[in-house]
Each structure stands twice: as structure tokens, then as C-alpha cells.
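A short worksheet on the structure shown next.
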Amino acid sequence: MFKIETLRAEEEAKTLNLSEKLFHEALKYKPESKARFHVKNDKGEDFDIVYWDNDEDIEPRDTYPSYIKRPFMAKYYIYDENDKGTLYLSFFDGLSNMVFEELNEYTIAISKVILQFTDMEIWCADERILWFIDENPRLHIEKDLPDDIYGDDCFYIQEQFRLGMEDNNFKRLCSTYAFHNIFFLQWILNGKAFSQYKYMTLPIDATGGIGAILSGYKRFEMAFGHFGLKFVASDKDYFGKYPRKLMERYFAADLWDENANEDNTLWVPSTFMLIKTEFYQKMPGLMDKSVIAPSFAMEMDEYYDAVFGDKKTLGVLIRGSDYIASGLSGSRKMATVEQMVPLIHKWMNDYGYEKEHANGEYAEKLEDTTVNYFYALYLLSRCDAFMCSGQDTDAYLQVEPQNPKAAMGALLGKEAFEIPESPDDCIFVPKVDCRGFCISVPSREFMKYAKSVKGSPLSVLYVCFAEAVQRSVISEHCVRQSTETVFA
């Protein structure tokens, strides 16, 4: 992105003339960061434009997990603010005003798009915008902007960094992300048109778990279905780290098409850059029952009915080692079995649960892990209530799935909170009296112990959990005789 600065005539730089295509002419040189151009201005004083690499004008590098590599943002050396068909104009739906703080290449380009293709009003305090855009009754230049323009229908572009994903609010963004949200289709198409393609694909990282993989698949499928394209896996034998045979056996994800090839498949250069748009984020990310192959779902239903029957059941999910086992960045301090057992017994006594279905996120073999994962979560969804271990900064423990901030507030100073029933037919559906339990302890010791006894973490977890329950039953004598503990 080019920023507009005071002329530094003493510095050596290429000289350009102010014109409608000023920034496009400068971008032809594919400038490096901090490259400076002098501009001859027939409408006022001469000035400089200085190029800031988009990769440096966004969030700090340590924001990203170590496995995500540069670039983090497209350079946009080529774009066309007049190509209506490749601009994401739906971004402006429901908006009446745009306000921007800094006059730069991107706020100028967005202003041109708004004046040409929408009915929105533009508000700013910088008169220099008239060097780049002709006077327009919808372009308001005022030193003191009126207070009544900052409503829910206002799009605000601020100078300070803001991504929009902080609170899933894309109505207030920094210049780079504002531009990216409107022009990202041109970055993907790279001068071509959607009509040239039948399919689309993108790189899928091998670090993602099956839940994230399938959730992303549902979003990609819906997002690009909007343009009449079918989503297909980028690798003919794998989807992320999951073999094609596994995916086709257990899941109803239509990921491979023998007719897809390089000529008819649109390749999205970066999944990460696509994710950082309102276009992607507004797509529902819940996995409903439709992602499971019918035969697999029937198998799990038969298992549940055989083991649990009609008894009132408490489901328990013990989380924690997935980050450590997969080598992802960040730390997780989760609950020990011993810490959870007293509360499990209390709930079983207080609410009259007759059976307990417990699961921990630990395994070594990929197919066993994947099948066990869905077995556990599917069976948990059929239980009458659900307990989940976690930590007080865990984004998975949310009061409202779309509002992490509210969830974190609810967790402060509390051990338990309630989650309302989901309106969707979701694998992870919470029950009416669902509760989440949040405690923090190291899980590294457990992983070390699992390796020392040469057992899979999943098996060791279940043995430890069973022993802890047995110890607790013997010592407390507080569990009803009708209570049974069943492990998936």
C-alpha cells in the first residue's frame, strides 16, 4: 500500500505525474518496502508516495503459529477498482456511510468503488482526496465529522491495525484489511474469470485436526458454491493429513472428482489469506450430521443403543494433549483425571445420571484417532448432559459459539457455566442442562507417563480415569449402586 507523504526533494527517487492511474503506474515497478516516488501535482503542491509492503503493515509476526509461513498478505501489485464483476460488493450490504482516518492508496481505491457502485456516503477530513477523486455530492470533506454517521450502518477505516476477526466485526478495519476484504477475489482470480473454471481448491495444512478440516470444508463448499464452483481436494490421495480412503469410508464429504484438472480448477494461493475475510468468516462453520457417512452414523447409533439404552447419561470430554502431541505452538494446562472425578460424581448424584460416557483426545494411529474422535463426540451428543474439561483461556469453551469474548467473561471467577441448546442438528449439540467445567493443570506429565509405559495416550487415559473413579468410589462411598462407568 502506498502512503502519501510530504515531498522530500533531496532524496533520489523516480518521478511520476499525478493521474488517475498514479498508483498503478508506481506498482508496475514492483517496489520494495519503503520505496519512495516523487509526484508532480498539477492540482496542488508536489508530494511523495511511499510503498509499505502489505506483509509488514499488518499484525505482528508472533501472532501466527510457527507452521504458518510468509507471505501473510497479498501484495496487490495488480488490481482494478473499475471491474465490478471481481469486486466483493456484498461487503457493503446494509451500509450507508464510510469514514476513513488516513488518506492513502487503499482508502482512495475503496472510495472510488463506493462512489461508482454503491449509494453510500463517504466522510473524511482530508481535502487532498480531491487530487484523486472529482467532487461528488456523496463525498463529504469536513474537519469535524457529524456524530450521527457512526451507526451500525457505518464502515470505519482506521489508521491503527485492526483485522476484524478480533470480535468478528468487519465494519471497522485498518486500510490493508479493508482493501483485502473488497479486492480479494481479484487476488484469487489473477486476471481470469470465474466462468473459466468448474472447480476450486486450496492448500490444506497437515497440522489441522479432523474437526477443523471438515468445518473448513463445509465453509469452502458454501463459499465457492456462491460462484458456481465445486470444492475439491488439492491432493488426489489426501485431504490435509487424512488419506482419501479414510475420508471416503467415514465421511460424506464429496472431495474428489475425476474430471477436475489444472485447466478447469481455480487454485486459491493461500488458505490463510482467504480466512481473513468477512466473505469466509460469515459462512457457517458448524459440522452437522451430514458430514458423517450414513453407514458410519448407523454403526455409532447401534453402539450407543446397545451400551447406553434409555438410561440417563452424563457425557464427559477430557481435553488437553492435542496441542502437545501435534507440536503446535502455545501451551495448554488441562485437568487431571483426579481433579475431575469429584465433580463427575457430584453431577451424577445431583442429577440422577445412571451412566457415564467419557472420552479423552489422545491417540497415535491416525485412523483410530479419527474414528474414536467421532465416536466419542457423536455419542456425547446423544448423552443427556455434557461436561468438558478445559482452561480459562480456551476458545472452545464458549457460552455462545459466535461470541468468544462473552464466553471469557462468563468464565471469570467461576467453575461452571451453562450453554444453551444449539438450534442446529450438530454433532457437538449441547443439551438443555449442558455445563462446562474449567480447571487448569499441566498435561505434560500425563504424556510422559503414557510414553514410559509404552501405551497409547488414549488407552492410558482410560485406565487412569477408571482407576481414579474406582479409588473415589471406595474412598467416598458416595456413588449410587446403580451408577455405571462406561468408556468409549
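Some observations on this one:
- Looking only at region 35-60, residues that are closer than 13 Å to Lys75 by Cα and either assigned to a strand (DSSP E or B) or modelled with pLDDT of 95 or more (or both) come to 1 in all.
- Residue match in region 102-118 (condition: open to solvent by less than 20 Å² (accessible area, probe 1.4 Å), under 23 Å from Lys21 (Cα atoms), in a loop (DSSP other than H, G, I, E, B) and modelled with pLDDT of 95 or more): yes
One line per residue, one yes/no per condition, for (1) at positive phi; (2) at pLDDT 95 or above; (3) in a loop (DSSP other than H, G, I, E, B); (4) among the polar types (S, T, N, Q):
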| residue | (1), (2), (3), (4) |
| --- | --- |
| Glu5 | no, yes, no, no |
| Arg8 | no, yes, yes, no |
| Thr15 | no, yes, no, yes |
| Ser19 | no, yes, yes, yes |
| Phe23 | no, yes, no, no |
| Ser33 | no, no, yes, yes |
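- Scan of region 167-214 for residues that are of a type in the set (Ser, Thr, Tyr) and open to solvent by 40 Å² or more (accessible area, probe 1.4 Å), ordered by number: Ser195, Thr207
- For region 216-275, filtering for residues that are assigned to a strand (DSSP E or B), open to solvent by 30 Å² or more (accessible area, probe 1.4 Å) and under 22 Å from Leu185 (Cβ atoms) leaves 2.
- Listed by first and then second residue, the pairs with beta-carbon distance under 8 Å, at least 6 apart or on different chains, first residue in region 240-251 and in contact (Cβ under 8 Å) with a residue 60 or more places away in the chain, second among the polar types (S, T, N, Q) and open to solvent by less than 20 Å² (accessible area, probe 1.4 Å), are Tyr242/Thr370; Leu246/Thr370; Tyr250/Thr370.
The values are calculated or read from the model by the stated rules, or taken from the named source; none is laboratory data. Keep in mind that this is a model prediction, so the values were computed, not measured. Positions of Cβ are generated from backbone atoms using ideal geometry, with glycine treated the same way; all protein chains shown enter the neighbour counts. The accessibility values were calculated without ligands, DNA or RNA, using every heavy atom of the protein model including side chains. Shrake-Rupley method; radii C 1.70, N 1.55, O 1.52, S 1.80 Å.
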